[in-house]
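Visitor: Once you've had a glance at the structure underneath, I'll fire off some questions.
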């Protein structure tokens, strides 16, 4: 079976952390016998606009084609403008770039699988109609909770992407429910999951954790809080900064990632910025930490929380999106978003073993290994592909 992934974000040498969860699924499918090609168009702007947003200059450093873990990734260019997801949906231009890659590279496929409704989903709907192939859409979070609400045009583009898919997948039940409210389409729930062979493990002994911290240039004698992701307001960075300012000197916060609030987060000496790190190092930072923190305003189903739970690392997170589904009977451990006071108080409480005992950590470990294993969930996805193509003999 041949599957064409269409997405707006995918890891590369230039941006190794972008869309890692897409690569996790693609790699898993390929290991299970599916031929995966990825088309991930790169935006470019007229020269006078690139002065306004230099990010578009950086995009052009992406090669037109490269391989990653044995999978071909194609990066055709499409015309883009700063802020386009708010006022000018680019899915038609995105689709033209995808179609150009298909034609020039001679790509063949049985199923189209788009990740994120905008612009990849809308583009996939156009490509599916042209080539008469079934189209599957996976929704991740911001493409449901954020982007559709920017404008009337954004909502229409979201609805177009969802309503034209043969199958819609949401990575959490909360996301499926919200999608149905906005479009009338009820997605099936299927998280991507993580590579359990890579992430599951025992909590490190103190001496090994100390050695790991020294290797990562992290303080060995502090309580280490860890955040991994974009340094943006909607991830709770301001509240996290304020909470750190009020915590005592026992604590240090390690930030893995970058973003517009990077400067804010360096304003105090209790915050350590590691920057963007290769995906292979995420496990090291998790195992070196005492607690993983994610005080977001909204989320789909954060992969990094699943990774932390698989490594038996305590998690402090906001009660938003699909996260309560992960915490299940322990929802009381979650905090309200936008509350630096509750964040600070909970961080202090989490250092007390009675608040987050080993039995709770073991509960989370058992849950994620059962329901969030990428190999198990990829097999379910392959069954879905087969049902759409009526070609049960295509995978050997």
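Visitor: What is the one condition in (1) farther than 16 Å from residue 22 by Cα; (2) surrounded by 23 or more Cβ atoms within 10 Å (Cβ to Cβ); (3) in contact (Cβ under 8 Å) with a residue 40 or more places away in the chain that residue 114 does not satisfy?
Guide: Condition (1) is where residue 114 drops out.
Visitor: Here is a follow-up. Using the structure shown, decide if residue 314 is in contact with a strand residue (DSSP E or B) (Cβ under 8 Å, 6 or more places away or on another chain) and in the same structural domain as residue 233 (by TED's automatic domain parsing).
Guide: yes
Visitor: Would you check which residues across the stretch 100-114 are closer than 21 Å to residue 385 by Cα and part of a helix (DSSP H, G or I) and list them?
Guide: 102
Visitor: Which of the residues spanning the stretch 202-233 are in contact with a strand residue (DSSP E or B) (Cβ under 6 Å, 6 or more places away or on another chain) and buried (at least 17 other Cβ atoms within 10 Å of the Cβ)?
Guide: Selection gives 222, 223, 224, 225, 226, 227, 228.
Visitor: All but one of (1) surrounded by 19 or more Cβ atoms within 10 Å (Cβ to Cβ); (2) under 24 Å from residue 195 (Cβ atoms); (3) modelled with pLDDT of 90 or more; (4) under 17 Å from the mean Cα position of the chain (by Cα) hold for residue 288; which doesn't?
Guide: So the condition that residue 288 fails would be (4).
Conditions (1) outside any helix (DSSP H, G or I); (2) out of contact with any helix residue (DSSP H, G or I) (no Cβ under 8 Å at 6 or more places or on another chain); (3) in contact (Cβ under 8 Å) with a residue 24 or more places away in the chain; (4) crowded, with 22+ Cβ neighbours inside 10 Å, marked per residue:
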position	(1), (2), (3), (4)
248	yes, yes, no, no
269	yes, yes, no, no
284	no, no, yes, no
297	yes, no, yes, no
307	no, no, yes, yes
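Visitor: Restrict the check to the stretch 21-31 and report whether at least one residue is modelled with pLDDT under 95, surrounded by fewer than 14 Cβ atoms within 10 Å (Cβ to Cβ) and assigned by TED's automatic domain parsing to the domain that holds residue 148.
Guide: The answer is no, given that none of the residues of the stretch 21-31 is modelled with pLDDT under 95, surrounded by fewer than 14 Cβ atoms within 10 Å (Cβ to Cβ) and assigned by TED's automatic domain parsing to the domain that holds residue 148.
Visitor: Please determine, by comparing only the residues of the stretch 76-95 that are surrounded by 16 or more Cβ atoms within 10 Å (Cβ to Cβ) and part of a helix (DSSP H, G or I), which one is modelled with the lowest pLDDT.
Guide: 85
Visitor: Also, I was wondering about something else. Only one residue in 240, 294 is within 23 Å of the chain's Cα centre (by Cα) and closer than 30 Å to residue 375 by Cα, so which one is that?
Guide: Exactly one residue qualifies, and that residue is 294.
The values are calculated or read from the model by the stated rules, or taken from the named source; none is laboratory data. Owing to the predicted nature of the structure, the values given are computational and were not obtained by experimental measurement. Backbone-built Cβ (ideal geometry, glycine too); neighbour counts: all protein chains shown.
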